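Here is the structure we will look at, set down as structure tokens.
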Amino acid sequence: MTQEYFDLNRGVDIPDRTDLMLSRTKELLEAIDRNNDYSCIKLMRFPIDGELTAEAIIVDVECDGIPPRNTVGLQYRERLALLVSKDPEELVHVLAMRKDFPTLIHQNQRGKGQPASLCLYFEPSISVLRTWTPQKFLRRIQWWFEKSSKNELHPIDQPVESLFFRSKFELILPFNFKELKEKNSNFTITRGSVRQDEGFSCFLHTDNPKDQNNSRFRYIQLELPPVVHGVIANDPSNFGELVDLLLDRGIDLIKELKIALDKLVTESGATVPDNYKGTLILLQIPICRAIDSPVEKELYRAFLTPIDILDLGVELDLLIKMDRKYYRNTLLLTDNQILNNRWRTHLSTAF
């Protein structure tokens, strides 16, 4: 079967190695020439407005230490792009060019439809660069593949991985948030200015009905069962992706929402205030190293969605709506089948 590879956007082929401009690229190519496990496929440059920003060496690397038919799906020969920035203080990036390359632990954050980015080091960049050489770098790549293929990459003395990559959005809670939550306080959200990375901070306040400028959201917190650490996930773009992501980790988010809605909606029903603009769902997720091992980390992740939790409950067939009031759906299907998928498409912002 023919292997499919990614194309690197905005890249221009370099026909001859003498046209390379960056000293690190030249040194790395010399090391590849002397290493029998690496084969150079082609060279590329990446200009922006006519100015060089990076060069790349596309290689095939062979790793004898990868077991055949390993459980994670790594191959004996893999194609990589070694991306060398013109900034000497930036590490060389390693991109896996195979389109069906597996999602594994210790990969960097990437968008959908982009090559996987290998996370080679545990130490900060400044520490790595002190002793970095092209030869050590090439061997480190093979070490990553060999350890990953045997599920041995994460050392036992290293902290457990988070469930999500770091978000460029932040939610700042009041210092007495726990006390306010126990009093069933209502909350509003104000947004700070947009930063250079297009992220921003939001601030959660107790509701002041006289202030009409703040956006009002219903707040709900879900204390989820523990999950085993593993691959770090990109933030889901909608509610359906969030449900699927947690289900892959053994958490039924819809079941947890039903428990919360049963507490929120009494026998006499519930209503949505006219000035509410959505729901802030705060997930409290304990993380452990292995099944039945102690919890080592508590992760808090907030998701803001522009639909009230009661309307979401209707779309999930957990509630019914009559005369602008919401009631528990006592006619739930026995197999918990949801009749429509509209609920999956609601956008979410992760904090």
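The values are calculated or read from the model by the stated rules, or taken from the named source; none is laboratory data. Given the structure is predicted, the values throughout are model-derived calculations rather than measurements. Ideal geometry is used to build each Cβ from the backbone, glycine not excepted, and the neighbour counts take in all protein chains shown.
Kindly provide the set of residues from region 250-275 that are outside any strand (DSSP E or B) and more than 30 Å from Val227 (Cβ to Cβ), ordered by number. Even if it seems obvious, please write down each step before you answer.
Taking region 250-275 and keeping what is outside any strand (DSSP E or B), we get 250-265, 267-268, 271-275.
Glu267, Ser268, Thr271, Val272, Pro273, Asp274, Asn275, listed by residue number.
Within region 336-346, is even one residue part of a helix (DSSP H, G or I), among the β-branched types (Val, Ile, Thr) and modelled with pLDDT under 85?
Filtering region 336-346 down to residues part of a helix (DSSP H, G or I) leaves 342-345.
Those still in the list that are among the β-branched types (Val, Ile, Thr) too: 345.
Subsequent filtering for residues that are modelled with pLDDT under 85 retains 345.
For region 336-346, residues part of a helix (DSSP H, G or I), among the β-branched types (Val, Ile, Thr) and modelled with pLDDT under 85: present.
Here Arg130 meets the list (1) at pLDDT 90 or above; (2) within 25 Å of the chain's Cα centre (by Cα) almost entirely, failing just condition (2). Please tell me if Phe122 is of a type in the set (Phe, Trp, Tyr), exposed (fewer than 14 other Cβ atoms within 10 Å of the Cβ) and in a loop (DSSP other than H, G, I, E, B). So Phe122 fits the description; yes. Residues of region 9-21 that are modelled with pLDDT of 90 or more and either within 31 Å of the chain's Cα centre (by Cα) or surrounded by fewer than 17 Cβ atoms within 10 Å (Cβ to Cβ) (or both): Val12, Asp13, Pro15, Asp16, Arg17, Thr18, Asp19, Met21. Residue-level analysis places Thr279 among those that are among the β-branched types (Val, Ile, Thr) and under 24 Å from the mean Cα position of the chain (by Cα). Can you find a residue that is at pLDDT 90 or above, of a type in the set (Val, Ile, Thr) and in the same structural domain as Trp143 (by TED's automatic domain parsing) anywhere in region 26-39? There is at least one residue in region 26-39 that is at pLDDT 90 or above, of a type in the set (Val, Ile, Thr) and in the same structural domain as Trp143 (by TED's automatic domain parsing).
Confirm whether Asp19 is on the phi < 0 side of the Ramachandran plot and in contact with an Asp or Glu (Cβ under 8 Å, 6 or more places away or on another chain). Even if it seems obvious, please write down each step before you answer.
Working: on the phi < 0 side of the Ramachandran plot: yes; in contact with an Asp or Glu (Cβ under 8 Å, 6 or more places away or on another chain): no.
In short, no.
The residue pairs whose first member lies in region 4-25 and is closer than 23 Å to Arg98 by Cβ, whose second member is part of a loop (DSSP other than H, G, I, E, B) and of a type in the set (D, E, K, R), and whose beta carbons are closer than 9 Å, counting only pairs six or more residues apart or on different chains, are Glu4/Lys99; Glu4/Asp100; Tyr5/Lys99; Phe6/Lys99. State yes or no: is Phe169 surrounded by fewer than 17 Cβ atoms within 10 Å (Cβ to Cβ), within 18 Å of the chain's Cα centre (by Cα), modelled with pLDDT under 80 and not polar (S, T, N, Q)? Against the criterion (surrounded by fewer than 17 Cβ atoms within 10 Å (Cβ to Cβ), within 18 Å of the chain's Cα centre (by Cα), modelled with pLDDT under 80 and not polar (S, T, N, Q)), Phe169 does not qualify.
For region 289-307, the condition holds for at least one residue, the condition being that it is among the hydroxyl-bearing types (Ser, Thr, Tyr), farther than 16 Å from Glu223 by Cβ and either in contact with a helix residue (DSSP H, G or I) (Cβ under 7 Å, 6 or more places away or on another chain) or outside the structural domain of Ile254 (by TED's automatic domain parsing) (or both). The residues listed here are Ile32, Ile66, Ile58; of these, the one that is surrounded by 17 or more Cβ atoms within 10 Å (Cβ to Cβ), in contact (Cβ under 8 Å) with a residue 12 or more places away in the chain and in a loop (DSSP other than H, G, I, E, B) is Ile66. Here Gly278 meets each of (1) outside any strand (DSSP E or B); (2) at pLDDT below 85; (3) at positive phi with one exception, condition (1).
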